[in-house]
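This report refers to the structure that appears directly beneath it.
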Amino acid sequence: MTWPRPKLVRTRLTLWYVFVLGALLVVFAASASFVLVWHMRAQLERQAVQDLETVEGLLYFSGDGQLRLNEEYHNHPESKLVQDRLLEVLSVDGMILYRNDRLGMRTIGGAPFTGEGVGGYSERSIHASDGTLVILASRQHLLQGYPILIRLAYSQKPIWNRLTHFLLILLLALPLTLAAAGFAGYMMANRALDPIGQMAQRAEQITTERLHDRLPIESNDELGHLARVFNQMLSRIEQSFEQLRRFTADASHELRTPLASIRSVGEVGLQKDASPEEYRDTIGSMLEEINRLTSLIDSLLTLSRADAGQIPMKLEVFPIAEIMEEAASLLDVLIEEKRLTFNFEGEKNALVRGDRLILRQAAVNILHNAVKFTPAGGSISARVICEGSCTLLSITDNGPGIATEHLTKVFDRFYRVDPARADENKGAGLGLSIAQWAARAHDGEIGLSTVPEGGCKFWIRLPLVSSNPAV
């Protein structure tokens with residue numbers, strides 16, 4: 001049978017409090033019972049030994065040869081233990097010499113065993129002939145030159161009676177104690193969890209329009225830490241929502257611009273009679289905008305698949321200088337059109353492990369960005385150096401540079417340092433975002449810095465491979 005689990009945490013905590021306290025009380029009762037029994041048994045054994053010494057002095061042989069007990073000692077206050085004893089005296093061969101009235105016709109211990117009471121006291125727990133559990137102390141004694149075995153026993157029934165009374169008291173007190181503990185535990189749990197309830201109530205009021213709201217932090221304990229973690233999470237969510245809004249707005253704008261251009265060019269072409277050459281120019285303008293639109297969509301799809309982790313990577317080991325040379329080859333026409341000087345130097349044998357196409361696209365995006373913003377007749381330099389266990393690919397231009405306030409934002413999607421020049425540079429602001437993803441996907445990092453002489457220096461740092469192992 002499965003018991004239903006309480007829904008409220010405070011109820012579960014209270015039940016755990018009661019259960020743990022009940023288990024501790026049971027352990028306490030068992031331990032206390034053991035100590036109580038042990039203590040009373042030890043006390044009874046000591047009394048038996050002391051009483052045995054007293055009995056030795058009270059025994060004597062009468063004139064008719066019968067063993068007697070000096071009854072006059074019974075009038076002394078100290079005789080109470082003697083009166084409550086079970087006394088039996090035997091000869092060394094097992095013959096009964098004396099039994100006190102309390103023992104009657106019962107026997108304790110049976111026939112003497114070898115060495116019983118010799119050289120000191122013998123103590124043991126046994127059952128009398130009627131089944132009574134007793135503590136027996138015995139010792140051999142020489143009485144008027146005649147060896148005898150004195151057995152003195154006490155019933156253990158008072159011990160178990162006291163134990164029963166003790167357990168009954170605990171049994172009666174246990175429900176009251178658990179009830180009081182349960183009530184106190186519930187109040188404590190309710191008070192401890194009340195801040196969580198307040199945080200939950202406050203969190204329920206936070207919507208997409210109120211992501212700027214935060215949970216109150218009223219202490220520096222675990223609950224305060226929980227509130228701070230929630231607030232940090234809300235800050236990240238708010239930032240993500242803001243980035244999503246900005247991304248959606250920028251993407252809509254970037255998609256609308258080429259579409260509007262295609263539409264306007266087409267409408268103008270249809271409103272007039274034109275020669276085949278003019279129609280050809282019109283179609284060429286439309287195709288140029290279509291190519292721009294296609295490139296934008298491809299970049300968006302690449303970033304979307306990258307965010308979802310759906311771009312498979314074909315890892316291989318190759319010199320990082322090769323992707324820089326391939327990127328320069330792809331942009332050679334643009335470099336010649338602007339009469340730029342391109343220089344490449346450094347450790348051309350430095351090896352990295354990665355996807356050649358993805359890293360080449362990152363290098364192309366960075367180099368293309370440098371080509372766009374470097375003035376005609378300027379220079380661009382690329383360099384590969386090794387830094388410990390990493391290799392560093394850097395691309396430096398002598399363009400207008402980037403202001404300090406923009407350095408941490410240029411890798412954001414659709415971000416432009418100078419939006420007014422967006423149409424002039426024909427860029428969507430996604431190239432550096434793709435380059436950043438490519439670097440991170442290869443356990444590397446990307447960054448930039450300004451050059452004192454003017455211009456920017458972009459760099460990609462990747463783990464260095466010392467040799468060409470099998471991938």
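Considering the dipole of the chain built from charges on the beta carbon (Lys and Arg +1, Asp and Glu -1) around the Cα centre, which of 394, 373, 133 is farthest to its positive end?
Value: 133.
Is it possible to state the helix-based mean residue ellipticity at 222 nm for the chain, with each DSSP H run of 4+ residues giving -39500 (n - 2.57), the sum divided by total residues, to the nearest 500 deg cm²/dmol? What is it? Could the numbers behind the result be given before it?
Details: 10 runs with 233 residues, N = 471.
Result for the chain, helices only: -17500 deg cm²/dmol.
Note down the magnitude of the dipole of region 275-422 about its Cα centre, charges +1 on Lys and Arg C-beta and -1 on Asp and Glu C-beta and zero elsewhere, to the nearest 20 debye. Walk me through the numbers on the way to the answer.
Working: 16 positive and 22 negative charges, 74 e Å.
With only Lys, Arg, Asp and Glu charged at Cβ, the dipole is about 360 debye.
For region 222-307, which whole percent of the accessible surface, found with a 1.4 angstrom probe, sits on carbon and sulfur atoms?
Values: 3450 of 5950 Å².
With neighbouring chains kept in place, the figure for region 222-307 is 58 percent.
Per the Kirkwood formula on distinct C-alpha pairs, the Rh of region 315-467 is how many angstrom? Don't jump to the answer; show the numbers that get you there.
Working: mean 1/r = 0.0643 Å⁻¹.
It works out to 15.6 Å.
Once phi is turned into θ = phi - 60°, what whole-Hz ³J(HN,Hα) does the Karplus curve with 6.51, -1.76 and 1.60 give for every residue of region 333-339, x standing for Gly and Pro?
5, 5, 5, 5, 4, 8, 6
Using alpha carbons only, what's the Rg to Rh ratio of the chain with Rh from Kirkwood?
Details: Rg = 50.0 Å, Rh = 33.3 Å.
Rounded to two decimals, Rg/Rh equals 1.50.
How would 98, 121 line up by accessible area, probe 1.4 Å, largest first? Spell out each step's value before the answer.
On the way: 98 40, 121 80 Å².
Solvent-accessible surface, decreasing: 121, 98.
Just read off the accessible area of residue 348 with the full protein assembly in place, 1.4 Å probe, to the nearest 10 Å².
Only protein atoms counted, so the area is about 90 Å².
Which value in Å does the Kirkwood hydrodynamic radius of region 9-161 take, with 1/r averaged over all unlike C-alpha pairs and then inverted? Can you show the working numbers first?
Details: mean 1/r = 0.0564 Å⁻¹.
Value: 17.7 Å, from the Cα pair sum.
Mind giving me the FRET efficiency for residue 96 and residue 142? R0 is 22 Å, r the Cβ-Cβ distance, nearest 0.05 is fine.
0.75
When the Karplus curve 6.51 cos²θ - 1.76 cosθ + 1.60 is applied with θ = phi - 60°, which whole-Hz ³J(HN,Hα) does each residue of region 132-143 get, with x for Gly and Pro?
Karplus-based 3J(HN,Hα) across region 132-143 equals 5, 7, 10, 9, 10, 10, 9, 7, 7, 9, 9, 10 Hz.
Take the alpha carbon atoms of region 233-387, find their radius of gyration, then divide it by 2.2 N^0.38 Å using N residues; give the quotient.
Working: Rg = 20.7 Å, N = 155, 2.2 N^0.38 = 15.0 Å.
Taking N as the residue count of region 233-387, the ratio is 1.39.
Measuring with a 1.4 Å probe in the full set of protein chains, what accessible area per residue, in whole Å², belongs to the chain? Can you show the working numbers first?
Values: 28390 Å² over 471 residues.
Per-residue accessible area for the chain comes out at 60 Å².
Top to bottom by accessible area (1.4 Å), largest first, where do 37, 55, 20 land? Can you show the working numbers first?
Details: 37 20, 55 0, 20 70 Å².
Ranked list, largest accessible area first: 20, 37, 55.
The values are calculated or read from the model by the stated rules, or taken from the named source; none is laboratory data. Since the structure is predicted, the reported quantities are computational estimates derived from the model, not experimental observations. Quick reminder, even Gly has a Cβ in these numbers, built from the backbone with ideal geometry, and neighbours come from all protein chains shown. Protein only, heavy atoms only, side chains kept; ligands, DNA and RNA dropped before computing areas. Shrake-Rupley method; radii C 1.70, N 1.55, O 1.52, S 1.80 Å.
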